[in-house]
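The values are calculated or read from the model by the stated rules, or taken from the named source; none is laboratory data. A quick note: this is a predicted structure, and the numbers were derived from the prediction, not measured. Cβ atoms come from the backbone with ideal geometry, glycine included; neighbour counts cover every protein chain shown. Each accessible area value is taken on the protein alone, full model and side chains, heavy atoms only, with ligands, DNA and RNA left out. Shrake-Rupley method; radii C 1.70, N 1.55, O 1.52, S 1.80 Å.
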Amino acid sequence: MIDWKQWLPRAWLPMALSLCAMGSHAAAASTTEPAYPLRAAAVKAFCAEGDHPDALAKLVGLGTQADAANRAWATTLVLAIRDGALTCDSHGGAVITQKEGHVDAVTLAPAQAAPAGTPYVPTIVMMRKLAVATAEMDLFSKQRDLREKAAAQVSKFFMLLDPDILRRAIQRQGDADIKATLALAMAKRGLYSSDKKEQLGAIEALGGVPSESSRTLLTDYLANQQVQANPLLADAAKTALRSIDQWLAIGNGLSILFSGLSYAGILLLTAIGLSIIFGLMGVINLAHGEFIMLGAYATYLVEHLMRVYAPSMFGAYIFVAIPVAFVACGLFGVLLEYCVIRFLYRRPLETLLATWAVSIAIIKLVQLVFGSQNVEFITPSFLNGGAQVVGGFFVTYNRLFAIGFSLAVFLATYAVIRTTRIGLLMRATTQNRDMAKCLGVPAQRIDRLAFAMGAGLAGLAGVVLTQIASVNPFMGAGFVIDAFMVVVLGGAGSLVGTAVSSLALGEINQFIEPFYGAVAAKVAVLLIIVLIIQKRPNGLFTVKTRG
């Protein structure tokens, strides 16, 4: 007889163990292969087909999905292919070689064994396709800078992009500038389509986005004999070209006007302080350019200190530098007036020589402290870049800031001169110094205050110039000449004359420079000033004086 008590444990134990093993194998299989079927299929297709575009399209398709994990995986795999870090095996699997070791190409989990095959080395053509694939996936990134770079890359290689992916990117894109770049890339691709309706749509789209690149594309397209043989396509291309040329002409005119305004704003900032000093005190201050330079270096110190001690507020350092530069240059102006200028009133030649010596001393002092090389600034984020208004007309934010800031400084200075008691005393001293003294006006203190105000305004010019021009110890020499031209033409002591002459000289200079060069523009400006001074020796706007 069979002893069931002894037989049952012995019979069921192997069966239970085998069932557990089968279950574990099934569980393991379910956690590897079925978990990432799309990834495994894409890797297998690429390892089997290599440079075939369908294999890469599968990877890009996963990289543009809503699933963030798949997007990150596809980006990692494409970069591995680009860097030659992907090794395929004979079973359709692949391993990625990284600095930390080897990872499975499907799961990105550490691989148990090193790859046995040869790493995939992309060709030059494949490298270009990989660059476009990376850009197409970056179009769906949450980071704007990545999307912007990707849009530029897609626009460059528009013939290689996937139109379906680009349409989805345009629909999901919230940034107007990036969306316009993608729409232009789509239109470029449609221009070379075999479908005439798609070509007409591309021509219309290019005509609605006037730019030099659109004009070049349509010109080359119109030179095609097949297009010339089709009246419908040829007429549409010619109409779009005429529209683009008209908008480009308007854009170039606006660009010259805007450049003149920005240059006029810089001239106004550099000359307004000199106008006060020269008009009130009759002092030819050749150190005025060095006050501009000191304002720029004061901005540099503020930027450096805020970068180290207040990094969270670093983007606003330009606004902190405005009062710092004004006060620092104003105090230096008071020191110069008290130590040097007050002993040389009504002696213009000695004043000229003294301020020239002071300017050289300031330059040498700055060289000893900061060196002779240019100092570098990190532009605040709100002053970076710009916006294209129409084709050929691009407004940069730093130039726009210079125009707005110079206008605000001019209005504030004009309000101080015309509406405050200090301004009243300054105007009285300018009109008749001896009578103002007899009436109790402290002329010496007014002179010192005016010199401080002029020096502080020069420091404000230095703040703005840090975002536009090179900052070095010799930067003031070029601006002081232009400032004197503005003051002489507008009339010494006249703020309105300074503003008008700044605008006139800025626009004239920028109108001539694109056609004949910077030297010819300077010569023309000087000739115009000479002709005007012959007719009006005191400038365009003469300040009334008595006695």
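Side notes on the structure shown:
- Some residue of the range 124-135 being of a type in the set (S, T, N, Q) and outside any helix (DSSP H, G or I): no
- You will find that of T123, T118, T64, the residue that is among the polar types (S, T, N, Q), crowded, with 19+ Cβ neighbours inside 10 Å and modelled with pLDDT under 85 is T64 and no other.
- Any hit, the range 354-377, residues being of a type outside the set (S, T, N, Q), within 24 Å of I272 (Cα to Cα) and open to solvent by 90 Å² or more (accessible area, probe 1.4 Å): yes
- Of the helices (runs of 4 or more DSSP H) lying entirely inside the range 160-241, the ones with 2 or more residues being of a type in the set (A, V, I, L, M, F, W, C) and surrounded by 17 or more Cβ atoms within 10 Å (Cβ to Cβ) are found at 163-172, 176-191, 196-207, 212-222.
- For the range 328-344, filtered to residues that are of a type in the set (F, W, Y) and over 35 Å from the mean Cα position of the chain (by Cα), the residue that is modelled with the highest pLDDT is Y338.
- Residue match in the range 422-432 (condition: charged (D, E, K, R), open to solvent by 30 Å² or more (accessible area, probe 1.4 Å) and under 23 Å from L335 (Cβ atoms)): no
- Any hit, the range 409-432, residues being more than 25 Å from F319 (Cα to Cα), among the small types (G, A, S) and more than 40 Å from the chain's Cα centre (by Cα): yes
- Residues considered: F258, F278. Of these, the only one that is modelled with pLDDT under 85, under 25 Å from L503 (Cβ atoms), open to solvent by 20 Å² or more (accessible area, probe 1.4 Å) and of a type outside the set (G, A, S) is F278.
- Condition met for S470 (touching a residue at least 12 places away in the same chain (Cβ under 8 Å) and closer than 22 Å to I363 by Cα): yes
- Unmet criterion (only one of (1) open to solvent by less than 20 Å² (accessible area, probe 1.4 Å); (2) modelled with pLDDT under 80) for H91: (1)
- L465 more than 22 Å from T429 (Cα to Cα), surrounded by 21 or more Cβ atoms within 10 Å (Cβ to Cβ) and in contact with a strand residue (DSSP E or B) (Cβ under 8 Å, 6 or more places away or on another chain): yes
- Scanning the range 365-376 for residues that are in contact (Cβ under 8 Å) with a residue 40 or more places away in the chain and out of contact with any strand residue (DSSP E or B) (no Cβ under 7 Å at 6 or more places or on another chain) returns V366, Q367, F370, S372, Q373.
- Every pair of residues 6+ apart whose Cβ atoms lie under 9 Å, when the first sits in the range 69-80 and is without any contact (Cβ under 8 Å) to a residue 60 or more places away in the chain and under 13 Å from L38 (Cα atoms) while the second is crowded, with 18+ Cβ neighbours inside 10 Å and among the small types (G, A, S): N70/G63; W73/G63
- Candidates A412, A436: the one that is assigned to a helix (DSSP H, G or I) and closer than 19 Å to G497 by Cβ is A412.
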